[in-house]
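Read through the structure below, which is laid out as structure tokens, and then see the notes.
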Amino acid sequence: MTAAQIYSTVLILLTAFAAGLVGSFTLMKRMSLAGDVVSHIALPGLGLAMLFGFNPLIGAAAALLLGTILIWHLQKSSTLTTEVAIGVIFTAALAIGTVLTPNEDLIEALFGGFQSLNMLWFIAGLLAVCVILGFVVVFRHKLIMSLFSPELAAATGVNVSRLNLYFLLIFSLTVLLGVRFLGALLVGALIIVPAAIGRQLTHTLTAFLLTSAFASVLSVGLGLTVSLVSPQIKIGHVTLNLALGPAIIGVATVLFLLSLLRKKV
Amino acid sequence: MNLLTVKHLSVELENRSVVEDLSFDLAAGERLSILGPNGAGKTVLLKALLNLLPHQGEIVWAPNVRIGYVPQKIDADTHLPLTFTDLFRAKCRTLNISSDQIGEISESVGLTPQILRTPVGHLSGGQFQRSLIAFSLIGNPNVLLMDEPTASVDEPGEEHIYELINRLQTQHQLASIMVSHDLSFVFRYATKVLCLNRLQVCFGSPTEALSTDMLTKLYGESVGFYDHHHDHQPKPNSLRQ
């Protein structure tokens, strides 16, 4: 393994850990679906960046920032119109992104892949992971109160609207970290599926958070191994393409199905 | 000195006046009950007092005030892997205070270790309400705002909750503002009453302010007044609409 590959492997495992924690709060806040569609808005950013030849991550970051602010405003009014608006705007983003992204880059933008990282991007990634973990540690108590009752949290002095914005920004930062590996279509699943596994297996908060993070790291670790060792499997005339993103989400889904068989601990 | 002074308070929601021109006050240790029919603006008034809603007029809390709040109802998701122990700790950390008081408060409202270990969505109405009262007591409040704290509790449990609130108020010398439909509670425990039907219909001591004429004005002719007794049979002095 080269140094660049080691950087990538370390960063994707750390991203998985952070995604498991963020996913736990996303699930408790009942934002799984909204959170998933937020990740789709990364695609037009990736597409534009590829089209004009600048770093795709910068394009994705700009698009995610815009998307985050948009969904934050939409969330303030919880009407049917809001739900419809979220559905329409974010699937439209996926369509526009598909049109904008050059054909040769589309599959990678949608489904990701294993990419070697230089030292600079590795350090930037590490800093982003630290920001996400720091947010969870510092704000977890306020998040817990606000997801139980926004009103009670506000009466205790929590600025719930601002907290929601911070949470969405952290969600988007997690998406941004994962998008180069899993692609715009699948990165949301890295946040949601491990949390669903954690919820299925536990009923205390600490166990839930740790199990989600562990399930996420396990999915990424196994998915990465499968994808690197055997990127294509032939079964008869059919060739299965085990790219990184689908391999990780495939493993996570199998773990989720297995978790359905287990009783809660 | 007053803990709270309210002058000409009005709240509009979606261009509709919900409460209008309310003026009242609350001194340390006083117990104010808010009475009024459904839709009179009682919950909106409490939320305005907590600064959770935009409003016009003056709401002035004393500088030393520490507010505990018991909301009307929280529909806790059964899927939440949260216990009230988690929530009590979360409140302590948010207020930046020690969590040493959690044990004592839990004991004083009758929360057993088993209740404290049970996820919030799986508690009975009474257990949940006791837990919310305990939550409101964290941070040593000197005034409690309670919005129908027995709304999701059955009748025998209701009486226990009222007795608990009364005991805690006496023990901690708490002032309170409570929305309640139970006239027997108002007559037994309240020192002041505010009648609300969008406008302020009455304000004063229960015996002076709550005449039969006033109650009829507040609730209409069709309402009967019954007393609320412990054998769960309707008796004169409680409201039945």
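The values are calculated or read from the model by the stated rules, or taken from the named source; none is laboratory data. These numbers were taken from a predicted model, which means no experiment stands behind them. Because the Cβ atoms are built from the backbone with ideal geometry, glycine has one as well, and the counts that use them run over all protein chains shown.
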- What residue, among those in the range B:79-98 that are within 11 Å of chain A (Cβ to nearest Cβ) and assigned to a loop (DSSP other than H, G, I, E, B), is nearest to B:Thr5 (Cα to Cα)? B:Asn96
- Task: Among the numbered conditions (1) assigned to a loop (DSSP other than H, G, I, E, B); (2) within 10 Å of chain A (Cβ to nearest Cβ), tell me where B:Val65 comes up short.
- Result: (2)
- Task: Search the range A:122-140 for residues that are surrounded by 14 or more Cβ atoms within 10 Å (Cβ to Cβ) and pair each with any residue that is part of a helix (DSSP H, G or I) and among the aromatic types (Phe, Trp, Tyr) when their beta-carbon atoms are under 7 Å apart and the residues are at least 6 apart or on different chains.
- Result: A:Phe122/A:Tyr7; A:Phe135/A:Tyr166; A:Phe139/A:Tyr166
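Can you confirm whether B:Gly139 is of a type in the set (Gly, Ala, Ser) and more than 9 Å from chain A (Cβ to nearest Cβ)? Steps first, answer last, please.
Values: of a type in the set (Gly, Ala, Ser): yes; more than 9 Å from chain A (Cβ to nearest Cβ): no.
For B:Gly139, the condition - of a type in the set (Gly, Ala, Ser) and more than 9 Å from chain A (Cβ to nearest Cβ) - is not met.
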- Task: Quick one: in the range A:193-227, of everything that is surrounded by 23 or more Cβ atoms within 10 Å (Cβ to Cβ) and under 11 Å from A:Ile249 (Cα atoms), which residue is farthest from the other protein chains (Cβ to nearest Cβ)?
- Result: A:Gly223
- Query: Which of the residues that make up the range B:146-184 are part of a helix (DSSP H, G or I) and either crowded, with 23+ Cβ neighbours inside 10 Å or of a type in the set (A, V, I, L, M) (or both)?
  - Reply: B:Ile161, B:Leu164, B:Ile165, B:Leu168, B:Leu183
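From B:Glu58, B:Glu14, which residue is surrounded by fewer than 15 Cβ atoms within 10 Å (Cβ to Cβ), over 22 Å from the mean Cα position of the chain (by Cα) and of a type outside the set (A, V, I, L, M, F, W, C)?
Working: B:Glu58 fails: over 22 Å from the mean Cα position of the chain (by Cα).
So the residue among B:Glu58, B:Glu14 that is surrounded by fewer than 15 Cβ atoms within 10 Å (Cβ to Cβ), over 22 Å from the mean Cα position of the chain (by Cα) and of a type outside the set (A, V, I, L, M, F, W, C) is B:Glu14.
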- Task: Quick one: count up the residues across the range B:106-121 that are at pLDDT 90 or above, assigned to a helix (DSSP H, G or I) and over 11 Å from B:Thr85 (Cβ atoms).
- Result: 1
- By residue number, the members of the range B:192-209 that are surrounded by 16 or more Cβ atoms within 10 Å (Cβ to Cβ) and either among the hydrophobic types (A, V, I, L, M, F, W, C) or assigned to a loop (DSSP other than H, G, I, E, B) (or both) are B:Val193, B:Leu194, B:Cys195, B:Leu196, B:Arg198, B:Val201, B:Cys202, B:Phe203, B:Ala209
- Item | Restricting the range A:112-164 to residues that are closer than 15 Å to B:Leu95 by Cα and part of a loop (DSSP other than H, G, I, E, B), the residue that is farthest from the other protein chains (Cβ to nearest Cβ) | A:Asn159
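Within the range B:1-48, considering only strands (runs of 3 or more DSSP E) that don't extend past its boundaries, which have at least 2 residues that are in contact with a helix residue (DSSP H, G or I) (Cβ under 6 Å, 6 or more places away or on another chain)? Write out each step before concluding.
Values: elements: B:2-13, B:16-27, B:31-35.
Result: B:16-27, B:31-35.
For the subset of the range A:28-75 comprising residues that are within 14 Å of chain B (Cβ to nearest Cβ) and farther than 16 Å from A:Gly178 by Cβ, which member is nearest to the chain's Cα centre (by Cα)? Walk me through how you get there before you give the answer.
Taking the range A:28-75 as the starting set, the residues that turn out to be within 14 Å of chain B (Cβ to nearest Cβ) are A:28-32.
Among the residues that remain, those that are also farther than 16 Å from A:Gly178 by Cβ are: A:28-31.
Numbers: A:Met28: 16, A:Lys29: 15, A:Arg30: 15, A:Met31: 13 Å.
Out of the qualifying residues, it is A:Met31.
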- Return the residue satisfying two criteria in turn: it lies in the range B:76-113 and is free of Cβ contacts under 8 Å to residues at least 40 places away in the same chain and under 18 Å from B:Met146 (Cβ atoms), and of such residues it is surrounded by the fewest Cβ atoms within 10 Å (Cβ to Cβ). B:Ile105
- Message: For B:Ala134, only one of the following conditions fails: (1) more than 30 Å from B:Leu210 (Cα to Cα); (2) part of a loop (DSSP other than H, G, I, E, B). What is its number?
- Response: (2)
